[in-house]
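To keep things clear, I will list the structure first and then write my remarks on it.
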Amino acid sequence: MDKNLPIGVFDSGIGGLTVLYKLIEMFPNEDFIYVGDTINLPYGTKTSEQLKKIISGVAGYLNNLPVKSIVIACNTATTNSHHLKDEMDLPIIGVIEPTAKHALSISENIMVLATNVTIESKAYENIINNLKKDENSKQFYIKCSDFVDAIEANEIDTEFSHALVKKKLMPFANEKVDVIICGCTHFGLYAKEFKEIFPNAKIVECAEPTGLSLKKTLEEKDLLNDKKELGKTYINVTKMQDNFKDKTKWFDKPYECLKEIKIK
Ligand code: DGL
C-alpha cells in the first residue's frame, strides 16, 4: 500500500464534514477525499439491507480510486459496515467504538443521541454495557433521525432547531446526564441546542476519538505519509444541492473542489 495515497472519508451528507474538519487538523499533511452520499440521504431510516448495498457502493468507489484507508464518518453506516472487510483489503475505521470508549472515560452517566438505525442496532448500548463499571450509572438512548433532516435543511441554531431539540430532550432535563454522545456525526452542529437543555453536560463528538483511532492504525501499518507540504482535500457529493455551500459555511478549511460524482 502506497502511504502517499489519500484517505477516503464518507457520510450521507454534511455530518461527516465535522469529522473531516478534525482530521484535517490532526493530519495536516494527508490528502483527503470526502464523499457526501447526498443522493441516499438520510441513511438513518433505511433498512439494513439497503444500507449494506449503499455502503458497499461508496466504500467500493473510494477503494477503487484508490485510497489507503477509509474513515466511515457516519455512525449509521458504521453499524452496517462489517461486510466491508470481505470486500476490500484496506484499513477501515468506524466512529462508534472510539467515541463510546472516550465518553466512558469521562462518565458513565451518558445520553446517546443518534439516528433510528444506530439506536436500534444497540451498537453504543452493547459497548457501554460491556465496559461500564457502575451498575447505578444511567444511560439514555434516544432516536433523533428528525434532527438529521433539520440539519440538512440548514436549520442550525434557529428558532425551529431549538424548539425541535427542546421537545425531544426536555423530558430528560432533570436526569443526571454528564455526557451527551453525538452518536450521529451531524449532531455536533447541534451542540448549542443540546447545551441549552443540559448546560453542564460534556458534548462528545466522534471526530477526535475517531482521528486518534485512525492515527493508531496508520502508525501501526506504517501508512502515515511522509510529505512535507500541506495536504489537499477534495469534496464530492452524489447529488449536488443548491444549499450545500450555505449549510457548510462553518467548514472553513480549504478544499480543491466540490464535485458531483456517480456511484454505481
Ligand atoms: N451522519 C450520519 C450518522 O452519523 C447519519 C445521518 C443520516 O441519517 O443520514 O449516523
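The values are calculated or read from the model by the stated rules, or taken from the named source; none is laboratory data. Being a predicted model, the structure only gives us computed values, none of them experimental. Cβ coordinates were reconstructed from backbone atoms using ideal geometry, including for glycine residues, and neighbour counts include every protein chain displayed. For accessibility, only protein heavy atoms count, side chains too; no ligands or nucleic acids. Shrake-Rupley method; radii C 1.70, N 1.55, O 1.52, S 1.80 Å.
Only one entry of Lys3, Lys53, Lys85, Lys46 meets the criterion of being over 16 Å from the mean Cα position of the chain (by Cα), of a type in the set (Lys, Arg), surrounded by 19 or more Cβ atoms within 10 Å (Cβ to Cβ) and not in a strand (DSSP E or B), and that entry is Lys46. Across the stretch 1-37, the number of residues qualifying as within 25 Å of Ile54 (Cα to Cα) and either within 12 Å of the ligand (Cβ to nearest atom) or in contact with a strand residue (DSSP E or B) (Cβ under 6 Å, 6 or more places away or on another chain) (or both) comes to 21. Taken over the stretch 154-182, the criterion of being in contact (Cβ under 8 Å) with a residue 60 or more places away in the chain, away from the ligand (no atom under 13 Å from the Cβ) and open to solvent by less than 60 Å² (accessible area, probe 1.4 Å) is satisfied by Asn154, Ile156, Phe172, Val177, Asp178, Val179, Ile180. Does the stretch 29-41 contain any residue that is in contact (Cβ under 8 Å) with a residue 40 or more places away in the chain and in contact with a Cys (Cβ under 6 Å, 6 or more places away or on another chain)? The answer is no; no qualifying residue exists.
Quick one: which of Ala191, Ala207 is under 16 Å from the mean Cα position of the chain (by Cα) and more than 20 Å from Phe10 (Cα to Cα)?
After ruling out the rest, the residue left standing is Ala191.
If you go through the stretch 111-153 and pick out every residue that is in a loop (DSSP other than H, G, I, E, B) and buried (at least 18 other Cβ atoms within 10 Å of the Cβ), you end up with 2.
In the set (1) open to solvent by 10 Å² or more (accessible area, probe 1.4 Å); (2) in a helix (DSSP H, G or I), Ile263 fails one condition alone, (2).
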